[in-house]
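Q: Encoded as structure tokens, here's the structure I'll be asking about.
We did not get these values from a lab; they are worked out from the coordinates using the rules stated. The model shown is predicted, which means the values in this text are computed figures rather than measured ones. Don't worry about glycine lacking a Cβ; one is built from the backbone with ideal geometry, like all the others, and counts go over all protein chains shown.
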Amino acid sequence: MKHGWRLVFVPLAVACIAGAALVLFLAMAWVSAAAFGTAALIGLVLGVPFGLWATKKLRRDDPEWSERRDAHVPNPPPLV
């Protein structure tokens, strides 16, 4: 699942940021096709880098992540 997390986090980040921008525009009474287009553009410009960053951070911070799928990574001992 090399690209699996990217396919989850990037569209999620784009949709969340574009949705927040659209809500902001609609709350400011800017109701037009340009508002939707601008929100989509803001979502793409900010969401793609954030989604890629979130994917890399998840892989970097997960102690059980292995690029080699056949490699066994032992679980750490439980903290008591």
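Q: Where residues in the range 50-65 are closer than 11 Å to R6 by Cα and not charged (D, E, K, R), which of them is farthest from the chain's Cα centre (by Cα)?
A: Result: L58.
Q: Right, another one. Does L22 meet the test of being surrounded by 15 or more Cβ atoms within 10 Å (Cβ to Cβ), free of Cβ contacts under 8 Å to residues at least 24 places away in the same chain and assigned to a helix (DSSP H, G or I)?
A: On the way: surrounded by 15 or more Cβ atoms within 10 Å (Cβ to Cβ): yes; free of Cβ contacts under 8 Å to residues at least 24 places away in the same chain: yes; assigned to a helix (DSSP H, G or I): yes.
Taking the combined requirement at face value, the residue satisfies it.
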